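Here is the structure we will look at, set down as structure tokens.
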Amino acid sequence: MARENIHQALEVYYEKVDHCPLRERQFNFFELVYVISGSGYYQVNGNSTAFAAGNLFLITPKDYHGFDLDSSCEFIVIHFGESYIREYQWKSIDHIECLLYHASHVSGSLLTNPNDQHLVNLLIDNLRQTIDNDSLYKEDLITHLVNAILVIAARNIALSKPQQLSTAGDIRILKIVVYIQANIFHPPLLKIAVIAAKFGLSPTYLGSYFQKQCNESLQHYISSYRIRLIEHRLQFSDIRVHELASEFGFIDESHINKFFKRHKGMSLKAFRVQKNMQQ
């Protein structure tokens, strides 16, 4: 797996390619990718989704990804690290990095609001013109345009977080949700005692706190989120059941099948057949 590091706090460039030069890339920084033209499939953490012009994707640190291109494609690519988003003085977005880390769990393009799609398209046009021309205050203008795109991305990500999540809750509940999603493939890290210790809470308080903020139990949320990811893997990949069991930390095929059937009322194979027939 190719790993890449960022050399500057913010890197922005335009590229036109006929194929993805590297596959299964893993970064130690964020990569924001806007599709100017072209189509194909975007792969992230083993899941695949179609992309087209106007789509915006955010790859978070430690994700692994690649693009399968149908033909020649044009992209605007933006690289930035945690330090960049933490040092900038965001006026009304607390812990923006916490929202951005949620991006890899959004299925498809970040832009779901038509007005935001149009606005980002205009910002990208201006950003492309700016990086193509050397002029006074070029770097400052690039920074402002990128930050505007980041704010719009954060707004769309915030709208996609669990609907049951209380908007009146403190930032800690969002951090807990992000922690669960980041460690969903590692069951030992999702034990109540481990999560409670991670966030300085007692196991009993964690359970009641999560229930109050999300209107469901912690265990139910973990199981439901794991089920959604398994469904996505079954529908959009050719992964085998024993590979799926290993990926999600189950003992064997029988264990994951029992878990899935308990929640969905059908086997993994039956679910995949059903979805293939619907496509």
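The values are calculated or read from the model by the stated rules, or taken from the named source; none is laboratory data. Just so it is clear, the structure is predicted and the values come from calculations on it, not from any experiment. Counting neighbours? That spans all protein chains shown, and the Cβs are built from the backbone with ideal geometry, glycine included. For the accessible areas, the whole protein counts, side chains as well, though only heavy atoms, and no ligand, DNA or RNA atoms are used. Shrake-Rupley method; radii C 1.70, N 1.55, O 1.52, S 1.80 Å.
Amide H of residue 64 versus every other amide H placed in the peptide plane: which residues, excluding those fewer than 5 positions away on the same chain, fall under 5 Å?
Residues meeting the criterion, in which the H sits 1.01 Å from N, are 45.
Would you list 261, 275 from the most to the least accessible area, probe 1.4 Å?
261, 275
Given R₀ = 45 Å, what would the calculated FRET efficiency be for residue 68 paired with residue 208, taking r from the Cβ atoms and rounding to 0.05?
0.50
Need one number: nm distance between label points at residue 247 and residue 191, each 7 Å from Cα along Cα→Cβ, rounded to one decimal.
2.6
Any idea of residue 141's accessible area? Nearest 10 Å², probe 1.4 Å.
80
Heavy atoms of the protein only, probe of 1.4 Å, neighbouring chains included. What is the accessible area of residue 277 in Å², nearest 10?
150
Using the Karplus equation 6.51 cos²θ - 1.76 cosθ + 1.60 (θ = phi - 60°), what ³J(HN,Hα) coupling, rounded to whole Hz, does each residue of the stretch 244-256 give in order, writing x for Gly and Pro?
5, 4, 5, 4, 9, x, 8, 5, 7, 4, 4, 5, 5
Around residue 57, what is the net charge, scoring Lys/Arg as +1 and Asp/Glu as -1 over all other residues with Cβ under 11 Å from its Cβ?
-2
Within a Cβ distance under 15 Å of residue 134, other residues only, what is the Lys/Arg minus Asp/Glu net charge?
Net charge around residue 134: -1.
When only the heavy atoms of the protein chains count and the probe is 1.4 Å, how do 65, 232 rank by accessible area, highest first?
So the residues, ranked largest to smallest area, are 232, 65.
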